[in-house]
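Encoded as structure tokens, the structure appears first; notes follow it.
The values are calculated or read from the model by the stated rules, or taken from the named source; none is laboratory data. What you are looking at is a predicted structure, and each value in this text was computed from that prediction instead of being measured. Don't worry about glycine lacking a Cβ; one is built from the backbone with ideal geometry, like all the others, and counts go over all protein chains shown. Please note that ligands, DNA and RNA were not included when accessible areas were found on the heavy atoms of the full protein model with its side chains. Shrake-Rupley method; radii C 1.70, N 1.55, O 1.52, S 1.80 Å.
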There are 2 protein chains.
Amino acid sequence: MGRLSRKVEILNAASKVVSKRGIFNLTLDAVAEEAGISKGGLLYHFPSKEALVEGMVEHLAKNYREKIANNAEADENQRGSWIRSYVDVTFNQTYENKDMNAGLLAAKAVNADLLDPIRNLYEEWQEHIENEGIDPMKATIIRLATDGIWLAELFDIYHIEEKKKQEVYKVLLKLIDE
Amino acid sequence: MGRLSRKVEILNAASKVVSKRGIFNLTLDAVAEEAGISKGGLLYHFPSKEALVEGMVEHLAKNYREKIANNAEADENQRGSWIRSYVDVTFNQTYENKDMNAGLLAAKAVNADLLDPIRNLYEEWQEHIENEGIDPMKATIIRLATDGIWLAELFDIYHIEEKKKQEVYKVLLKLIDE
DNA sequence: TTTACTATACTATCCGGACGGTATATATTC
DNA sequence: GAATATATACCGTCCGGATAGTATAGTAAA
């Protein structure tokens, strides 16, 4: 297997379509074209649009879960490693964040039940964050503030200057260790 | 004018459709039915779907702006009145919050430029929050944490227990006055 | 009679998904 | 090893239904 599986390629294409062209252009034709496959081929792998979105959410939940977990494990300081990892990953806007947003929007649009894997993720993280030696309330507030950044970026609502964003980032990290 | 203007009724109906049935069901027919009007009547008031969504966003931005401002003015304590108002309104989940979410999602889906009034609102509030006697960084973090609650409720992603939510609320309010 | 509003009928486009095929690889049987 | 069968992966067309938007004729009130 020298390349990503076709399924994963399709899922990435779907995220790309949403990110670049919006939910209303998440059509089977558009995804097929972006993935370089025919519509028939797409439907072979995902028998319906809903199945496609389901796949998107599951895939991104898996990726994100691993990313945060690996990041937390790599931290030499155990205390607060999960909340630190969460803050890190959210602030370091990567392509995964975009995929996350695309998946969230797609699931919310197609069928809110498809958000379940994200709900599970959210609760898992909260569980970790509240049980790693940091005052739970403080940890929760740091987490929520991080989610606030996420909201602003999801809707591109608040053009926070990079410098200011980095300051917030630093303050949140410092708060963890106080 | 003993009743709301027809336009406003239509805008409320549109928000309701999005809240109850999702973005993909924000169709002219569905909005017309929800508003108790014909499709022709709807198109008389809003000549296109985009115009309708534009109307939604402008209307909710106006309402929200007034609501936060009134709340801030009614506060006997000047210091921190805006951030307090912002936290209050966001935590007290009202129908306006639902409308806000519906409008955000609709604008994001139809044409992200339509989010401009929200961008303006966001920056206005930030301006107030950073200049009312509270340490700007602290105020920003409180605001972001509040937005985190907003994100969770927008996607119904985190089933925070009401009790816990109220604790967070209280802690944020207390932080303002520290 | 103008303005504000409503209703109905219709058009053109788009989209999900079904479907009939094709190509290739691997087993199985004789 | 030739012939037959089966599974997997993929392609491109077609169709019914939904939807945005148009055209037009009407009503109520000021």
For segment A:84-102, enumerate the residues that are closer than 15 Å to A:A69 by Cα and of a type in the set (S, T, N, Q). A:S85, A:T90
The residue that is farthest from the other protein chains (Cβ to nearest Cβ), considering only those in segment B:3-35 that are without any contact (Cβ under 8 Å) to a residue 12 or more places away in the chain and more than 11 Å from DNA strand D (Cβ to nearest atom), is B:R3
Just checking, how many residues over segment B:1-32 are more than 10 Å from DNA strand C (Cβ to nearest atom) and under 30 Å from A:A107 (Cβ atoms)? 18
Here are some residues: B:A145, B:A102. Which one is within 24 Å of A:V171 (Cα to Cα) and within 13 Å of chain A (Cβ to nearest Cβ)? B:A145
If a residue must be within 16 Å of DNA strand D (Cβ to nearest atom) and surrounded by fewer than 16 Cβ atoms within 10 Å (Cβ to Cβ), how many such residues does segment B:44-71 contain? 5
Identify the residue in segment B:153-171 that is more than 7 Å from every other protein chain (Cβ to nearest Cβ) and aliphatic (A, V, I, L, M) and, among all such residues, is most open to solvent (accessible area, probe 1.4 Å). B:I160
Residues B:G41, B:G36, B:G2: which one is closer than 29 Å to A:N25 by Cα, small (G, A, S) and at pLDDT below 95? B:G41
Kindly indicate whether B:I37 is aliphatic (A, V, I, L, M) and either over 23 Å from the mean Cα position of the chain (by Cα) or surrounded by fewer than 16 Cβ atoms within 10 Å (Cβ to Cβ) (or both). yes
I'd like the full set of residues that are open to solvent by less than 70 Å² (accessible area, probe 1.4 Å) and either within 16 Å of DNA strand D (Cβ to nearest atom) or more than 14 Å from chain B (Cβ to nearest Cβ) (or both), limited to segment A:72-83. A:A72, A:D75, A:N77, A:G80, A:S81, A:W82
Would you mind finding the one in B:N97, B:N111 that is within 13 Å of DNA strand D (Cβ to nearest atom) and polar (S, T, N, Q)? B:N111
Name the residues in segment B:120-142 that are closer than 20 Å to A:K174 by Cα and within 7 Å of another protein chain (Cβ to nearest Cβ), would you? B:M137, B:T140, B:I141
